[in-house]
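Structure first, commentary second.
The values are calculated or read from the model by the stated rules, or taken from the named source; none is laboratory data. These numbers were taken from a predicted model, which means no experiment stands behind them. Glycine gets a Cβ as well: all are built from the backbone with ideal geometry, and neighbour counts include every protein chain shown. Ligands, DNA and RNA are excluded from the accessible area calculation, which covers all protein heavy atoms including side chains. Shrake-Rupley method; radii C 1.70, N 1.55, O 1.52, S 1.80 Å.
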Amino acid sequence: MSFATVYNTLHQFIEAGLLREVVVNSGHSYFDTNVSDHHHFFFEDSGRLLDIPGEHVAVSGLPKPPAGAVIRRVDVIIRVDRDPAPATD
């Protein structure tokens, strides 16, 4: 099976509301089966995504959208690294 077939199918699932694409970097995205209102921690060292419930993130002060547009959704990706082990004496 070709990659094009796989990605075309994934994008059809997105259009049907069965998946969400989470873009973490240019050319690097994840396909998330959790389509509820939520955000993500992205562990840069391992590439792991961890869900954050939508009600745990508050976004304020959004700009007005351009004329003729409406804000549909706000996605927050909080990029984290593992905390290095504390120094020992």
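Within segment 1-15, residues that are assigned to a helix (DSSP H, G or I) reach partners that are open to solvent by less than 90 Å² (accessible area, probe 1.4 Å) with beta carbons closer than 7 Å, at six or more positions or on different chains, in the pairs 10/19; 10/31; 13/19; 14/20; 14/21.
Scanning segment 31-54 for residues that are closer than 12 Å to residue 77 by Cα and among the aromatic types (Phe, Trp, Tyr) gives 41, 42, 43. All of 74, 57 fail the test of being over 24 Å from residue 8 (Cα atoms), among the aliphatic types (A, V, I, L, M), open to solvent by less than 100 Å² (accessible area, probe 1.4 Å) and at pLDDT below 95, apart from 74.
Every test in (1) part of a loop (DSSP other than H, G, I, E, B); (2) surrounded by 10 or more Cβ atoms within 10 Å (Cβ to Cβ) is passed by residue 63 save one, and that test is (2).
The rows are residues; the columns are (1) part of a strand (DSSP E or B); (2) without any contact (Cβ under 8 Å) to a residue 24 or more places away in the chain; (3) under 23 Å from residue 7 (Cβ atoms); (4) among the basic types (Lys, Arg).
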| residue | (1), (2), (3), (4) |
| --- | --- |
| 31 | yes, yes, yes, no |
| 35 | no, yes, yes, no |
| 52 | yes, no, no, no |
| 58 | no, yes, no, no |
| 71 | no, yes, no, no |
| 84 | no, yes, no, no |
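Specify the residue that is least open to solvent (accessible area, probe 1.4 Å); the eligible residues are those in segment 22-54 that are at pLDDT 95 or above and among the acidic types (Asp, Glu). Going through the qualifying residues, I end up with 32.
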